[in-house]
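Chemist: One structure follows; several queries about it will come next.
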Amino acid sequence: MKRTALIAGITGIGGNHVARELLASGWEVIGLSRRPPQGLASVQHVVADLLDPSALALALENVSPTHVFITTWMRQDTEAENIRVNSALVRNLLNALSSKKSVRHVALVTGLKHYLGPFEAYASSGTLPDTPLRESQPRLPLENFYYAQEDEVYLAAERDRFTWTVHRPHTIIGLAVGNAMNLGTTLAVYATICKETGRAFQFPGSEAQWKGLSDVTDARMLARQLVWAADTDAARNEAFNIVNGDFFRWNWLWPKLADWFGVQSAGFSGTIKPLDATMANDHALWREIAQRNDLAEPDLDRLASAWHTDLDLGRPLEVMTDMANSRRLGFSAYQATDSSFFDLFERLRTERLIP
Ligand SMILES: NC(=O)c1ccc[n+]([C@@H]2O[C@H](COP(=O)([O-])OP(=O)(O)OC[C@H]3O[C@@H](n4cnc5c(N)ncnc54)[C@H](OP(=O)(O)O)[C@@H]3O)[C@@H](O)[C@H]2O)c1
């Protein structure tokens, strides 16, 4: 049977890698976002704002996907606003597709804040969650936009009789420009600035993160799990964690990243040293580095998201993730984490985003 994928969030770090994986597996792919995607010539692009239901309905007039991949979110100042806005993104999309009766499966990408709590109470208050984070852990008794998005999918699935999967990555490592959270590119830009200025490449986070176990999600692994789930009957109506499948400690990885850039590594030094403050005055310097090296993106804020890297590396506990649910059903992909970073750095260089 012919399968057509609609990816909401095609320009994002999750969405663009899902598109590549689907295209490689022979799917017809339609991508939706407000900005045009880069380097995805075989994707049919639908320009639409998911917060504008009537324009959305018009934009999707001639589109009847069998599978929908939702990889969108919009950062708001409070969790109440996150819930209001991000549930609307999902609801408006599924409402716009409802009357077509073409949708058989919807995959929603959320993340580990499902277990760690929303940004406002992120692994910081009360009892810290048990690690490894497991799919069997119940929802926290806290308002969370991920729960609101899930609930929109469950409601629409009931109404329109499609199946669903939910995918919960840890920090995503992959290529995207102008997106909200990108730890890999943030560290690449920071290391480039260290190289240019002779500064040490200083770990910005907490002792728990420096010494404890961690894992990350290569965007290609997320994509592989999404496509696997779309192709696997036994995976229907399940939620899956998705990480690389190895564990590491930042005190092991950090010097390797420093070596790749040829900068001096400096580890946890007794206090958290937020990268947001360290890089706060580097905008003009980055513009100058970009000009001198003929780079594609002179705007530091479109590459680096230091606020998110600080949140991630500043956590007061080690965070690692169990993947029992998809492994039990046969998903056995694996990705070495040091290569996730090195492959991204190579791509950033090829795309002229770092020197
Ligand atoms: N990045 C990470 O490290 C990470 C880690 C764990 C979990 N997650 C979760 O993964 C999910 C996907 O995040 P992501 O990081 O892949 O997102 P992202 O890279 O920031 O991309 C967001 C996508 O949503 C689109 N979008 C936003 N608002 C839109 C609107 N009003 N109308 C149409 N499209 C809109 C953006 O496109 P335009 O701007 O072009 O419209 C973009 O394609 C989120 O729930 C996030 O919390 C992310």
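The values are calculated or read from the model by the stated rules, or taken from the named source; none is laboratory data. What you see is a predicted model, and the numbers here were worked out from it, not measured in a lab. Don't worry about glycine lacking a Cβ; one is built from the backbone with ideal geometry, like all the others, and counts go over all protein chains shown.
Chemist: Could you give every pair whose Cβ atoms fall below 8 Å, whose first residue belongs to region 42-56 and is more than 12 Å from A8 (Cα to Cα), and whose second residue is surrounded by fewer than 13 Cβ atoms within 10 Å (Cβ to Cβ) and aromatic (F, W, Y), counting only separations of at least 6 or pairs across chains?
Modeler: If the second residue must be surrounded by fewer than 13 Cβ atoms within 10 Å (Cβ to Cβ) and aromatic (F, W, Y), no pairs are left.
Chemist: While we're on this one: Here is a check on your reading of the model: is R3 of a type in the set (D, E, K, R), within 15 Å of the ligand (Cβ to nearest atom) and under 23 Å from N95 (Cα atoms)?
Modeler: Against the criterion (of a type in the set (D, E, K, R), within 15 Å of the ligand (Cβ to nearest atom) and under 23 Å from N95 (Cα atoms)), R3 does not qualify.
Chemist: Next question. Please specify each residue of region 136-168 satisfying the condition of being among the basic types (K, R), over 22 Å from the mean Cα position of the chain (by Cα) and crowded, with 18+ Cβ neighbours inside 10 Å.
Modeler: None; the set is empty.
Chemist: Could you say whether any residue in region 49-58 is more than 14 Å from the ligand (Cβ to nearest atom), closer than 27 Å to I242 by Cβ and not in a helix (DSSP H, G or I)?
Modeler: The answer is no; no qualifying residue exists.
Chemist: Which pairs do you get when a residue that is free of Cβ contacts under 8 Å to residues at least 12 places away in the same chain, found in region 70-91, comes within reach of a residue that is among the aliphatic types (A, V, I, L, M) and away from the ligand (no atom under 12 Å from the Cβ), reach meaning Cβ atoms under 7 angstrom, with the pair 6+ apart or on two chains?
Modeler: Qualifying pairs under 7 Å: none.
Chemist: Out of (1) touching a Pro at 6+ places or on another chain (Cβ under 8 Å); (2) assigned to a loop (DSSP other than H, G, I, E, B); (3) not small (G, A, S), what's the single condition that is false for H45?
Modeler: Here H45 clears every test but (2).
Chemist: Now for a different question. For region 271-297, name all the residues that are surrounded by 16 or more Cβ atoms within 10 Å (Cβ to Cβ) and within 12 Å of V189 (Cβ to Cβ).
Modeler: Within region 271-297, L275, T278, M279, D282, W286, I289, A290, L295, E297 qualify.
Chemist: Could you check, for region 265-274, whether at least one of its residues is at pLDDT 95 or above and under 23 Å from the mean Cα position of the chain (by Cα)?
Modeler: Yes, some residue in region 265-274 is at pLDDT 95 or above and under 23 Å from the mean Cα position of the chain (by Cα).
Chemist: Which of the residues belonging to region 281-290 are part of a loop (DSSP other than H, G, I, E, B) and without any contact (Cβ under 8 Å) to a residue 12 or more places away in the chain?
Modeler: If the condition is that a residue be part of a loop (DSSP other than H, G, I, E, B) and without any contact (Cβ under 8 Å) to a residue 12 or more places away in the chain, then N281 is the only one that fits.
Chemist: Moving to a separate point now. Which of (1) surrounded by fewer than 18 Cβ atoms within 10 Å (Cβ to Cβ); (2) away from the ligand (no atom under 16 Å from the Cβ); (3) assigned to a helix (DSSP H, G or I) is the odd one out, the single condition A230 does not satisfy?
Modeler: Single failed check for A230: (1).
Chemist: Please state which one of E297, E318 is away from the ligand (no atom under 16 Å from the Cβ) and either on the phi < 0 side of the Ramachandran plot or charged (D, E, K, R) (or both).
Modeler: On inspection, the qualifying residue turns out to be E318.
Chemist: One residue is enough: does region 41-48 have a residue meeting the conditions aliphatic (A, V, I, L, M), within 23 Å of G178 (Cα to Cα), within 18 Å of the chain's Cα centre (by Cα) and within 12 Å of the ligand (Cβ to nearest atom)?
Modeler: Within region 41-48, not a single residue is aliphatic (A, V, I, L, M), within 23 Å of G178 (Cα to Cα), within 18 Å of the chain's Cα centre (by Cα) and within 12 Å of the ligand (Cβ to nearest atom).
Chemist: Moving on to the next point. Looking at A41, A57, can you tell me which residue is out of contact with any helix residue (DSSP H, G or I) (no Cβ under 8 Å at 6 or more places or on another chain) and at negative phi?
Modeler: Result: A41 is the single residue among A41, A57 that is out of contact with any helix residue (DSSP H, G or I) (no Cβ under 8 Å at 6 or more places or on another chain) and at negative phi.
Chemist: Condition first: part of a helix (DSSP H, G or I) and crowded, with 19+ Cβ neighbours inside 10 Å. Now tell me which residues in region 233-259 satisfy that.
Modeler: A235, W250, W254, L257, A258
Chemist: If you go through region 156-188, how many residues are in a loop (DSSP other than H, G, I, E, B), more than 6 Å from the ligand (Cβ to nearest atom) and of a type in the set (V, I, T)?
Modeler: Here the count works out to 1.
Chemist: So T217 fits all but one of (1) touching a residue at least 40 places away in the same chain (Cβ under 8 Å); (2) in contact with a helix residue (DSSP H, G or I) (Cβ under 8 Å, 6 or more places away or on another chain); (3) surrounded by 23 or more Cβ atoms within 10 Å (Cβ to Cβ); what number is the exception?
Modeler: (2)
Chemist: Give region 77-129 a look and list any residue that's polar (S, T, N, Q), more than 23 Å from the chain's Cα centre (by Cα) and within 15 Å of the ligand (Cβ to nearest atom), or say none.
Modeler: N95
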